[in-house]
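Trainee: Below you will find the structure I want to go over with you.
The values are calculated or read from the model by the stated rules, or taken from the named source; none is laboratory data. Fair warning: this is a prediction, and the values are worked out from it, not measured in the lab. Note: ideal-geometry Cβ built from the backbone for every residue, glycine included; neighbour counts use all protein chains shown. For accessibility, only protein heavy atoms count, side chains too; no ligands or nucleic acids. Shrake-Rupley method; radii C 1.70, N 1.55, O 1.52, S 1.80 Å.
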Amino acid sequence: QVPPPGGCGAGSRVGARVTSVRTLGDMAHKAEPPGRGGAHSERVVLLAPTTKQDEKEEMLYLKSKLSEKEYNAQVAGGTIIAFLMHKDRSECSLQPSIYDAAIVMPQVARSAGWPTSLWALSLRSLFFLTANFCLQIFILYMIVQEEEVMDRFAGQMSLCNFGALIDSCPDGPNCVGPGGTNYKDAGRVYDYNSWVTRNFVRDSLKQLFPDKADIIHESIDPGEYGLENYWVRFVCVFVFMMSVMSDLRSTMDMAYIIYSVPTEEGMWVEYCVPTWASKEKIKEFQEKSELDFVRFKIAGMPRPWKIFNVVAVIIPKLWIWKTTAQNGVMFLMETAGIEDVIVNVTALTFILNLDEMLFANFSHRASHHILETLEPYSAELEEEVEAKEQQSNDDAFLTLQRDRRFKFADLNLLPFRLFLNGVVTAIFVFEYYYGHCMVSESGGQISKPMSLPNSQVYPLLSFFFYPFVGTDEQEQSYWSMPPAG
């Protein structure tokens, strides 16, 4: 028999030596010569157990080979595997933000019977939800207005890959700039404002002194508009997409909670006082207040509220996510300077953080408390959670041994979010190149011919329903790629 393990810190071996163990069929035994101490030792080849009895006997054998410190460490490892390794996919929570408050506060008010104060907090959360939508949509619309209207009237072309990998010039695929000349080296690369100003100065001098136009053209070099660094732009787009994907994950958590909770009038708030002592003694010994007995949890939601939350919260939030990702990537891909593209990453992320800023600065303290103390939602059944809580040390040890049998790591341990971030980044970058660029004769990515829009204001229908609704442009182009010279 194997006695139960002792306390932490003991260094003795656990149990007696096992001389016979059954696993798959019969265990393979092989007697070995006596060791130094003269005692007979036995090497046992453990095969994969197929029954619970085989598994239990194998566990007893493995325990006998461990010290108590080693056994306790493996029990801790089994507990980690049982409780934490599946937590990432089985548990999700709502965060302190305007979106989450718009979902939670009406359910808390409904559970409490719609008292006036909680009813007012619910209306307040919906008001801030509307204000947040208006702010985010307005800022995104202004970015599109700048890129698709104002830049065109300024004569700007798409950046694409002009000047990319300039160390390969003058013979590389992206070595001819939008002015039609070769970059040759980094000394001729400028951002658009500097480049257009230098061209303006040269053209002005040629107009003032027409008889010296050839000398001015040869003497003054305006350079070319192009990228300062090819790789920093992609790195910044990837970093930007990290914040965008974090917002998408929170949206998916909200959608999953709305879908998974029972379609019933569940109680999102309850008053819980432990029964092991009187409330007064619990307050005295644990230094609790009345508010500590109020429990906020995610529970059932009536069908009309589910439909309302999907229509008023989830769908608009997904649209804002898609529009922010799409136009944010375009904005970064159109940024030529190294410092500018790095600064623009941080500037863009605040759009998705507006809901948290509004909540932190303008929401009632009661809403803060409710969202901060709201218990996470778990997809596990209460019976499964209770079974884990009641597991013995041997159960945890057995969980660890089962985990060791896998020849490959659990697929959930692979960084799928990192891969997904890369895939989504590639999709939006491809969309930018597809919509704004074309392949040159040398194999590089250059801007498509640029035309002025017919309206000086970007159409709202195109903004809300892109790419299904396009924009009207003039037939004549104000810029097209000149021949190299």
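Trainee: Students often check this: by mean Cβ neighbours within 10 Å, which of 423-433, 118-128, 467-477, 318-328 ranks highest, and how do the rest follow? Can you show the working numbers first?
Mentor: On the way: 423-433: 16.0, 118-128: 17.9, 467-477: 10.7, 318-328: 19.8.
Highest to lowest by the protection proxy: 318-328, 118-128, 423-433, 467-477.
Trainee: Report, in listed order, any pair from LYS297/LYS317; LYS206/LYS448; LYS281/LYS306; LYS184/LYS212; LYS69/LYS297; LYS279/LYS306 with a Cα-Cα distance greater than 31 Å. Before the final figure, lay out the partial values.
Mentor: Working: LYS297/LYS317 23 Å; LYS206/LYS448 29 Å; LYS281/LYS306 41 Å; LYS184/LYS212 26 Å; LYS69/LYS297 39 Å; LYS279/LYS306 37 Å.
Checking Cα-Cα distances, LYS281/LYS306; LYS69/LYS297; LYS279/LYS306 exceed 31 Å.
Trainee: May I pose another question? Counting other C-beta atoms within 10 Å, and keeping those with at most 16, which DSSP coil trypsin sites (Lys or Arg not before Pro) do you find in segment 209-302? Mind showing how you got there, number by number?
Mentor: On the way: sites: LYS212, ARG233, ARG249, LYS279, LYS281, LYS283, LYS288, ARG295, LYS297; in loops: LYS288, LYS297.
Loop-located and lightly packed - LYS288, LYS297.
Trainee: Give a residue-ordered list of calculated ³J(HN,Hα) values for segment 339-347 (Karplus: 6.51 cos²θ - 1.76 cosθ + 1.60, θ = phi - 60°; whole Hz; x for Gly, Pro).
Mentor: Those phi angles translate into 4, 5, 5, 5, 5, 5, 4, 5, 5 Hz.
Trainee: Across 10 Å bins from 0, what is the distribution of all Cα-Cα pair distances for segment 261-312, in whole percents?
Mentor: 22, 34, 20, 17, 7
Trainee: Can you give the extra length, in nm with one decimal, that the chain gains between THR130 and TRP319 once fully stretched, where that is 0.36 nm per residue apart less the Cα-Cα distance? Numbers along the way, then the final one.
Mentor: Values: separation 189, 0.36 × 189 = 68.04 nm, distance 1.44 nm.
Residue separation times 0.36 nm, minus the Cα-Cα distance, leaves 66.6 nm.
Trainee: Any idea how far the Cα center of segment 198-266 sits from the one of segment 279-341, in Å?
Mentor: Here the two parts' Cα centres lie 28 Å apart.
Trainee: Here's another thing I want to ask about it. Tell me, what HN-Hα J-couplings in whole Hz come from the Karplus equation 6.51 cos²θ - 1.76 cosθ + 1.60 at θ = phi - 60° for each residue of segment 439-453, using x for Gly and Pro?
Mentor: Using θ = phi - 60°, the values come out as 8, 7, 5, 8, x, x, 9, 10, 5, 5, x, 9, 10, 6, x Hz.
Trainee: So for segment 56-185, Kirkwood radius off the Cα pairs, Stokes-Einstein at 10 °C and 1.306 mPa s: how many µm² s⁻¹? Can you show the working numbers first?
Mentor: Values: Rh = 22.6 Å.
In µm²/s, the coefficient is 70.
Trainee: Let me ask something additional. Which distance in nm do the two modelled labels at GLU264 and LEU414 give, with both placed 7 Å along the Cα-to-Cβ direction?
Mentor: Each label point lies 7 Å from its Cα, and together they span 3.9 nm.
Trainee: Next question, about the same structure. Roughly how many percent of the accessible protein surface of segment 114-250 is carbon and sulfur, given a 1.4 Å probe and a whole-percent answer? Walk me through the numbers before you get to the answer.
Mentor: Working: 4440 of 7020 Å².
Roughly 63 percent of what the probe reaches on segment 114-250 is carbon or sulfur.
Trainee: Quick one: net charge of ASP185's neighbours, Cβ under 14 Å, K/R +1, D/E -1?
Mentor: On the way: positive: LYS184, ARG188; negative: ASP167, ASP171, ASP221, GLU224, GLU228.
In short, -3.
Trainee: Okay, which of segment 105-142 sit inside 15 Å, backbone N to the point 7 Å along the Cα-Cβ direction of SER455?
Mentor: Under cut-off, by backbone N: 141-142.
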